[in-house]
Amino acid sequence: MNQTPVLKINASRLQQRIHELAQIGKIGETGVCRLALSKEDRAGVDLVKSWMEEAGMEASIDPFANLIGVKRGSDPNAPVLMLGSHVDSQPYGGRFDGVIGVLGAIEVIQTMTEEGFVPACNIEVVAFCDEEGCRFNKGLFGVRGMTGKLEPDELERTDKNGMTRREALIQFGCDPADFEGYSFQEGRIGAFLELHIEQGPVLESLDAPVGIVSGISGPLWLTVEMTGFAGHAGSVPMPMRRDALVGCAKVIVALNELVQQVPGAPTVGTVGSLTVFPDSRNIIPENVSFTVDLRDIDLARRNALEAELLSVIDNVAREHGLAYTIREDTNSEPRYCADWIKTTMREEAEKIGIAPPELMSGPFHDSLTMSYVCDYGMIFVRCKEGISHNPKEYSSPEDIALGTELLYRTAVQISTERWRIQP
Ligand SMILES: [Zn+2]
């Protein structure tokens, strides 16, 4: 089907709001800088709050600086359907990352209100505080706070000007003392839905405006250190060398080949950082430390690749006379979207004449934390050339409208008959 589907949501109102929010913390023509808990962030949150109220929600800010809007349903005791994302940005960010998930969710509620639809359960729309994590070097703050997953030293983390998160929260208008009385009520939330730009090039390559996310692949992060022996670059004969950088280079090439073994699989592997010692053109490299980032939605496959990589490292080290150590920095498991939510999305997509492909999310999102407390589903919107965390980030109004329409229809389905059977 190629005709333009009839949308219930108001696409021009949504675009207008995206444009208006992008004026706060605007850099250049299309860029945005709204660092978490900054003045700009607060101005953005206040504006978004006014739209929540306009859409028919009661809105407030919780102790963790999450903005939460509530649309009342007929059964206040039923598990809540939660929708949302974040409106904070990277220092050199774009207009759409996180924003479409929050403003799209508000558009969903406003459409429900205008259509006279009363959900069976309360629906909450959340703009989570500090998803990006760039200011205090640790992200997903608001969603972890809300779900009771903060770490002990969290409030003492400082930004580059030495301001603690505690001070920033107070400046924002929150009182960290309120954390004490807060506890997350297990089972309160029935499901979480997040609309987000893809931040990758897969949908564009498939010529698909929107996609249904299969899950968020957790990364495996390793730091590998290989040690050989330094020597004069002019005098040590090749067969006698123990060159750590040559060993490292072989591992990089091997990783690149390993992750491409299964054609079409979403597996990715990256060596993104390299430290060479002594780092001189005239000395055979003695020591190299490098990072490995390995991701796959299929944990068994990722584990098998890890094992293969470790044996490559061992063989290369033997061949070149190198000692090595491997440190595991992060080992996150993939978190899968709920099948029943994906099915609902597929059925609703069909009704508007689209068949969204399923794809994995490499980056993490607020959904990652939510996945530990409830079922979740994600809709991705195509973005130009996969560019994100960059002022050049772009998704077309038509694609955003389609993603939001799918979010609307999915939310309506979930908050009516389906709700009582599934969770
Ligand atoms: Zn985001």
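The values are calculated or read from the model by the stated rules, or taken from the named source; none is laboratory data. None of the values given here were measured: they were computed from a predicted structure. For neighbour counting, all protein chains shown are included, and Cβ atoms are generated from backbone atoms with ideal geometry for every residue, glycine included.
Table for the structure above
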quantity: Residue ID - farthest from Val253 (Cα to Cα), chosen from residues in the range 309-328 that are of a type in the set (A, V, I, L, M), touching a residue at least 40 places away in the same chain (Cβ under 8 Å) and not in a strand (DSSP E or B); calculated: Leu322
quantity: Residue among Lys71, Lys138 that is without any contact (Cβ under 8 Å) to a residue 60 or more places away in the chain, basic (Lys, Arg) and in contact with a strand residue (DSSP E or B) (Cβ under 6 Å, 6 or more places away or on another chain); calculated: Lys71
quantity: Test: residue in the range 391-401 that is assigned to a strand (DSSP E or B), surrounded by 24 or more Cβ atoms within 10 Å (Cβ to Cβ) and not aromatic (Phe, Trp, Tyr); calculated: no
quantity: Filter result for the condition that a residue is within 16 Å of Gly215 (Cβ to Cβ), modelled with pLDDT of 95 or more and part of a loop (DSSP other than H, G, I, E, B), over Tyr376, Tyr372; calculated: Tyr372
quantity: Answer from Lys160, Lys149, Lys138 - the residue that is farther than 16 Å from Val373 by Cβ, more than 16 Å from the ligand (Cβ to nearest atom) and assigned to a loop (DSSP other than H, G, I, E, B); calculated: Lys160
quantity: Answer residue from the range 163-178, given it is in a helix (DSSP H, G or I) and either among the acidic types (Asp, Glu) or touching a Pro at 6+ places or on another chain (Cβ under 6 Å) (or both) and is surrounded by the most Cβ atoms within 10 Å (Cβ to Cβ) among those; calculated: Leu169
quantity: Selection status of Arg295, among the charged types (D, E, K, R) and surrounded by 16 or more Cβ atoms within 10 Å (Cβ to Cβ); calculated: yes
quantity: Residue among Glu29, Glu20, Glu53 that alone is of a type outside the set (Phe, Trp, Tyr), loosely packed, with under 15 Cβ neighbours inside 10 Å and modelled with pLDDT under 95; calculated: Glu29
quantity: Residue, surrounded by the most Cβ atoms within 10 Å (Cβ to Cβ), within the range 330-367, restricted to residues that are within 16 Å of the ligand (Cβ to nearest atom) and part of a loop (DSSP other than H, G, I, E, B); calculated: His365
